[in-house]
Every structure is written in structure tokens, then in C-alpha cells.
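Here the structure is laid out as C-alpha cells; the discussion comes afterwards.
The values are calculated or read from the model by the stated rules, or taken from the named source; none is laboratory data. Predicted model, so just to flag it, every value in this text is computed and none were measured. For neighbour counting, all protein chains shown are included, and Cβ atoms are generated from backbone atoms with ideal geometry for every residue, glycine included. Each accessible area value is taken on the protein alone, full model and side chains, heavy atoms only, with ligands, DNA and RNA left out. Shrake-Rupley method; radii C 1.70, N 1.55, O 1.52, S 1.80 Å.
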Amino acid sequence: MTKHAIFDGLVYDEEDNVVETIVIGNETFYKVNDAGFMRHISSSQVDRQIFDILKKQFEDNKDAIIEQTAKILGQDDPFSQAVLANQFENFEDQFNMLMNIGIPENDRLYLGMTGFRAIINIHGDLIELKQPTGIDPEE
């Protein structure tokens with residue numbers, strides 16, 4: 001089974017160009033232009049770096065995220081929050097699932113429209129992770 005590039009279309013090089021993906025055999029690579037030389041970097045190497053940052057952010061704000069998610073779903077009771085907490089416990093399983101099925105294209109497009117992007121260098125090291133912030137009240 002071919003592994004997917006989880007953040008396909010959301011990874012950029014240092015020159016602010018979207019990084020293409022390519023499948024070779026059963027593995028997906030991000031193709032980074034290094035002054036005309038196309039470097040192929042395992043997508044799982046890059047995706048893992050991004051995922052680990054998102055995982056840390058979640059863990060740092062877990063209680064607030066669960067509480068707000070419950071409110072959004074209209075299930076703002078302790079039992080529902082416990083169910084949500086249980087769903088969020090196995091981040092590693094989520095990563096492996098995303099590697100197998102990928103993020104749906106519409107969701108990736110939405111993330112891109114909100115400003116989500118990962119900037120990598122020619123070696124596949126994550127330099128910056130840009131994420132959407134709150135909406136400006138004046139907009």
C-alpha cells in the first residue's frame with residue numbers, strides 16, 4: 001500500500017513555492033528544487049515533523065480544545081467531554097491512519113485557504129509552521 005503525503009499542497013520551500021509530491025514505488029516524496037537539482041525527501045520525514053508540532057500544541061491545550069469541541073457539538077456535559085478526551089488519546093494511531101488514507105483534498109484546500117503552510121529547507125527540515133490564527137474582529 002502506498003503511503004500518502006499527509007500535507008500534500010501545504011508544504012513550501014524556502015522560496016515560497018509549493019513543493020510537489022511524487023510517488024516512487026510505494027513511497028511518497030516531496031520534490032524540492034535545489035537550484036535545478038530536484039531533491040526527493042520522504043514525505044513521512046516531513047509530515048512527522050509537522051504532526052509532532054501539532055501534537056505538542058494539542059497536548060498543551062488539550063482541556064480547552066476538548067471543552068470547546070464539546071460546546072461546538074452541543075454536548076457540553078462531563079460524559080461527552082470524557083468521550084472526546086478518549087478519542088484524542090491515540091495521536092500515533094491518527095498519524096498512521098493519515099499516512100494510509102491521507103487528508104481529504106477538500107480539507108487540505110480549506111487548510112491552505114486559512115493560511116496553514118509548512119516551510120522546509122532542501123534537506124526536508126521544517127523551518128516554520130504557519131497556522132491560522134483567530135479572526136480579526138474588524139474583518
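Show the residue pairs meeting these rules: Cβ distance below 7 Å; 6+ apart or different chains; first residue within region 64-91 and over 26 Å from ASP52 (Cα atoms) and open to solvent by 60 Å² or more (accessible area, probe 1.4 Å); second residue among the small types (Gly, Ala, Ser) and in a helix (DSSP H, G or I).
ASP76/ALA70
In the list PHE29, PHE51, which residue meets the criterion of being of a type outside the set (S, T, N, Q), touching a His at 6+ places or on another chain (Cβ under 7 Å) and closer than 22 Å to ILE101 by Cβ?
One residue alone meets the criteria, PHE29.
So which pairs qualify, if the first residue must be in region 29-52 and of a type in the set (D, E, K, R), the second must be open to solvent by less than 60 Å² (accessible area, probe 1.4 Å), the Cβ gap must be under 6 Å, and the two must be at least 6 apart or on different chains?
Between residues of region 29-52 that are of a type in the set (D, E, K, R) and residues that are open to solvent by less than 60 Å² (accessible area, probe 1.4 Å), the close pairs are LYS31/ILE22; ASP34/ILE122; ARG39/VAL32; ARG39/ILE122; ASP47/ILE6; ASP47/PHE7.
This table checks each residue for (1) outside any helix (DSSP H, G or I); (2) at pLDDT 85 or above.
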position	(1), (2)
ALA5	yes, yes
ASP8	yes, yes
MET38	yes, yes
GLY74	yes, no
SER80	no, no
ASN106	no, yes
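For PHE95, indicate whether it is modelled with pLDDT of 90 or more, surrounded by 15 or more Cβ atoms within 10 Å (Cβ to Cβ) and either out of contact with any strand residue (DSSP E or B) (no Cβ under 7 Å at 6 or more places or on another chain) or among the aromatic types (Phe, Trp, Tyr) (or both).
Taking the combined requirement at face value, the residue does not satisfy it.
Given the structure, is ASP60 open to solvent by 60 Å² or more (accessible area, probe 1.4 Å), of a type in the set (D, E, K, R) and either in contact (Cβ under 8 Å) with a residue 60 or more places away in the chain or farther than 14 Å from GLY9 by Cα (or both)?
Answer is yes for this residue.
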